[in-house]
Amino acid sequence: MQFLPLMRLALALLAWPAVAAAADPVATVTLLEGPAGLIRGVTRYALAEGVRLQHGDIVEIGDKGLAEIEFGGGAALALGAGTRILAVALARGGSAGGDFYALHGSLKLSGVKAGAHFRLATPILTLQPGQGTAVLVVSGGEGSAFIENGEARLSIPPPPVRLKGGDFYTRKGGQKGAVAPRPSQAFIAALPRLFFDPLPSRLARYKEHQVQPRPIGEASYAEVEAWLKAPPEVRRPMVSRFKTRASDPAFRSALVSNLRFHPEWDPVLYPEKYEPKEAATGAAGASKGRPEPARPASKP
């Protein structure tokens, strides 16, 4: 399985409808503490242990919650409180791998073996762990990554940077990043307690038992606002995904009020502005060039 670089992320996102009908991916929520939500398509669900993720799923952990997602081959991804991620693409057929986009939060990816393909993209940096364990925190326009063991590659921002076990990389948006021999105290303080120990494996109990998430209702604008205002490569594909919600008066009103943050919604909200001008001009020209009917001669 190969993954696309961030500059081609939009193409992967546009492929959601096509891949969603394929076989279920092996990415199972095996540990959940506190409230957490799942947005699949345009519907909100209550996340639960045993749920298998699909392409395009948005997972959002509550402010006092945490979760763990396990893959084939022993890899696991832990999500700390307040984490918001999008599953862009997931490996299939028992393979370990996944392409994720994190808007905010803390993540720990462990058990990555050579040959597995993972990508953790954020608005600040993109990390590709080659093997081992990596921890990532993104918040307030700053992103940091610590390679607990093994190795990883930072592909965004360019040029690529190779990180080895013990390396700590941090970067603020728009600035140059730096590598340090140990993580900062602020980084350590932002990590949940679960991250300081090896992640537990609970996949066996859900291997033959798939749990269906409980639907709550259609997603409101406020519940997907952060994604609709995400960087262009992430938010633009959201137009086709949530287009049907524009018929809801409250959703549409919020789209209009925030249009400057996601101008790609303008053709959906005001389709008349994008009608072909040639057709309109031709119709007007034909009307002007049409001879007027002869008027009957006036009687003397």
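Residues satisfying the criterion are present in the stretch 42-49 (criterion: in the same structural domain as Ala91 (by TED's automatic domain parsing), under 23 Å from Val112 (Cβ atoms) and modelled with pLDDT of 95 or more). Going through the stretch 120-166 one residue at a time, which ones are within 17 Å of Ile188 (Cβ to Cβ) and surrounded by 21 or more Cβ atoms within 10 Å (Cβ to Cβ)? Listed by number, the residues that qualify are Thr133, Ala134, Val135, Leu136, Val137, Val138, Gly143, Ser144, Ala145, Phe146, Ile147. Just one of the listed residues (Pro160, Pro181, Pro129) is under 25 Å from the mean Cα position of the chain (by Cα), over 20 Å from Thr83 (Cα atoms) and without any contact (Cβ under 8 Å) to a residue 40 or more places away in the chain, namely Pro160. Just one of the listed residues (Arg202, Arg245, Arg235) is in the same structural domain as Ile85 (by TED's automatic domain parsing), surrounded by 14 or more Cβ atoms within 10 Å (Cβ to Cβ) and within 30 Å of Glu49 (Cα to Cα), and it is Arg202. Screening Ile124 with (1) within 17 Å of Val29 (Cα to Cα); (2) of a type in the set (Val, Ile, Thr); (3) assigned to a loop (DSSP other than H, G, I, E, B) gives one miss only, at (1). Please indicate, with yes or no, whether at least one residue in the stretch 163-177 is within 24 Å of Asp63 (Cα to Cα) and of a type in the set (S, T, N, Q). Yes - at least one qualifying residue is present in the stretch 163-177. Screening Gly173 on (1) in contact (Cβ under 8 Å) with a residue 60 or more places away in the chain; (2) of a type in the set (Gly, Ala, Ser); (3) farther than 22 Å from Val51 by Cα shows it passes everything except condition (1). Of everything listed in (1) over 26 Å from Ala102 (Cα atoms); (2) surrounded by 11 or more Cβ atoms within 10 Å (Cβ to Cβ); (3) in contact (Cβ under 8 Å) with a residue 12 or more places away in the chain, the single unmet condition for His209 is (2).
The values are calculated or read from the model by the stated rules, or taken from the named source; none is laboratory data. Just so we're clear, the structure is a prediction, and the values are computed from it rather than from any experiment. In this analysis, Cβ positions are derived from the backbone assuming ideal geometry, glycine residues included, and neighbour counts consider all displayed protein chains.
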